[in-house]
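Engineer: Below is the structure I would like to discuss, written out as structure tokens.
The values are calculated or read from the model by the stated rules, or taken from the named source; none is laboratory data. Because the structure is a prediction, the values reported are computed rather than measured. Cβ sites come from the backbone with ideal geometry, for glycine too, and all protein chains shown count toward neighbours.
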Amino acid sequence: MGGAGQRRRIIGFPAAVVLIVVVGIGVVAVARTQRDAESRPGLSDHWHSAYAVWDCTDGEGGAFQPIFEGRRNSQGYPYDPEGIHSHSDGLIHIHPFTANAAGEDAVMAKFFEAMFVTMDVNGITAAEFGVISAADAVCDGQPAVMQIVRWSSALTAESAQPDERIYEDFGDVRFKNDGEAFTIALAPRDAVVPLPPTVNDILEVSPALVADLSQPEGPVDFDDSFDEDAPGVRVEEEN
């Protein structure tokens, strides 16, 4: 009896070890996959995002503000301490120079720093347009607040359907993938704000993104509710 029970225990122990090893490998694989996704953009990536600044109190229906020009060094290159900046083109260029601007540290604060912009819940300040204040701001009879509206894909985005709205801690907003769109806005909460006009330029700088488009039901219907100065993505017909 004792011998049989001992043999069963001996046989059971290796099986338990194998199970633990298999589970451990699975956990490591999942963790590695998640870590790899969170580590991008990496030092070898060069992403682009469309952006614009929208002020609902400017004019009768709101207006885009001048794009960030930033500053240039003595050689004429844009000031870019960490690899997240703009070339005065309405696009955010995201190609981290150091780990301080890669992965989870690829955030809007790095872009603001490079472009000499400050933003918080009270407003946004930039040399190109001065101060946009949220104090007592009202649009369409509703209080207007500072916000960043994010679309995960500029190529298929619609103004009324953003993926995310951020109302605080703007510097912590992450760049999560190539081809995003951001409208930095003073507008009522949940208001429809226009897409950046430069969503049309994304394919010129990141042509590989077209491979990620999937339209099994035909062309995407883009938002046409704003004027020509604030277009959604369009396909222009050839003459």
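Engineer: Looking at Leu195, is it at pLDDT below 95, within 20 Å of Asp89 (Cβ to Cβ) and not charged (D, E, K, R)?
Structural biologist: No.
Engineer: Turning to a different aspect of this structure: Output the residues belonging to region 44-77 that are at pLDDT 95 or above and touching a Pro at 6+ places or on another chain (Cβ under 6 Å).
Structural biologist: Trp47, Ala50, Tyr51, Ala52
Engineer: Report, ordered by the first and then the second residue, all pairs with beta carbons closer than 6 Å, sequence separation of six or more or different chains, a first member in region 100-114 that is farther than 12 Å from Phe170 by Cβ, and a second member that is buried (at least 22 other Cβ atoms within 10 Å of the Cβ) and basic (Lys, Arg).
Structural biologist: Going by the 6 Å Cβ cut-off, the qualifying pairs are Ala101/Lys110.
Engineer: Taking region 68-83 on its own, how many of its residues are in a strand (DSSP E or B) and either free of Cβ contacts under 8 Å to residues at least 12 places away in the same chain or closer than 23 Å to Arg189 by Cβ (or both)?
Structural biologist: Final tally of qualifying residues: 1.
Engineer: Here's another thing I want to ask about it. Identify all residues within region 36-90 that are of a type in the set (Val, Ile, Thr) and within 19 Å of Phe129 (Cα to Cα); write none if there are none.
Structural biologist: Answer for region 36-90, where residues must be of a type in the set (Val, Ile, Thr) and within 19 Å of Phe129 (Cα to Cα): Val53, Thr57, Ile67.
One line per residue, one yes/no per condition, for (1) charged (D, E, K, R); (2) at pLDDT 95 or above:
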residue: Asp178; (1), (2): yes, yes
residue: Phe182; (1), (2): no, yes
residue: Pro188; (1), (2): no, yes
residue: Val199; (1), (2): no, yes
residue: Ser206; (1), (2): no, no
residue: Ser214; (1), (2): no, no
residue: Pro219; (1), (2): no, no
residue: Asp227; (1), (2): yes, no
residue: Glu236; (1), (2): yes, no
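Engineer: Go through region 81-101 and count every residue that is over 18 Å from Ala50 (Cα atoms) and surrounded by fewer than 23 Cβ atoms within 10 Å (Cβ to Cβ).
Structural biologist: 6
Engineer: Please pick out the residue among Ala157, Ala134 that is among the small types (Gly, Ala, Ser), crowded, with 19+ Cβ neighbours inside 10 Å and out of contact with any Asp or Glu (no Cβ under 7 Å at 6 or more places or on another chain).
Structural biologist: Values: Ala134 fails: crowded, with 19+ Cβ neighbours inside 10 Å.
Going through Ala157, Ala134 in turn, the sole match is Ala157.
Engineer: Picking from Met119, Met115, which residue would you name as being closer than 14 Å to Ala185 by Cβ, buried (at least 16 other Cβ atoms within 10 Å of the Cβ) and assigned by TED's automatic domain parsing to the domain that holds Leu186?
Structural biologist: Numbers: Met115 fails: closer than 14 Å to Ala185 by Cβ.
Exactly one of Met119, Met115 is closer than 14 Å to Ala185 by Cβ, buried (at least 16 other Cβ atoms within 10 Å of the Cβ) and assigned by TED's automatic domain parsing to the domain that holds Leu186, namely Met119.
Engineer: May I ask you to verify whether Ser153 is among the polar types (S, T, N, Q), under 21 Å from Val107 (Cα atoms) and assigned to a loop (DSSP other than H, G, I, E, B)?
Structural biologist: In short, yes.
Engineer: Just the residues that are without any contact (Cβ under 8 Å) to a residue 12 or more places away in the chain and aromatic (Phe, Trp, Tyr), please, taken from region 125-140.
Structural biologist: none
Engineer: Sticking with this structure for a sec: Considering only residues that are assigned to a loop (DSSP other than H, G, I, E, B) and farther than 21 Å from Leu203 by Cα, which ones fall in region 42-67?
Structural biologist: Leu43, Cys56, Thr57, Asp58, Gly59, Glu60, Gly61, Gly62, Gln65, Pro66
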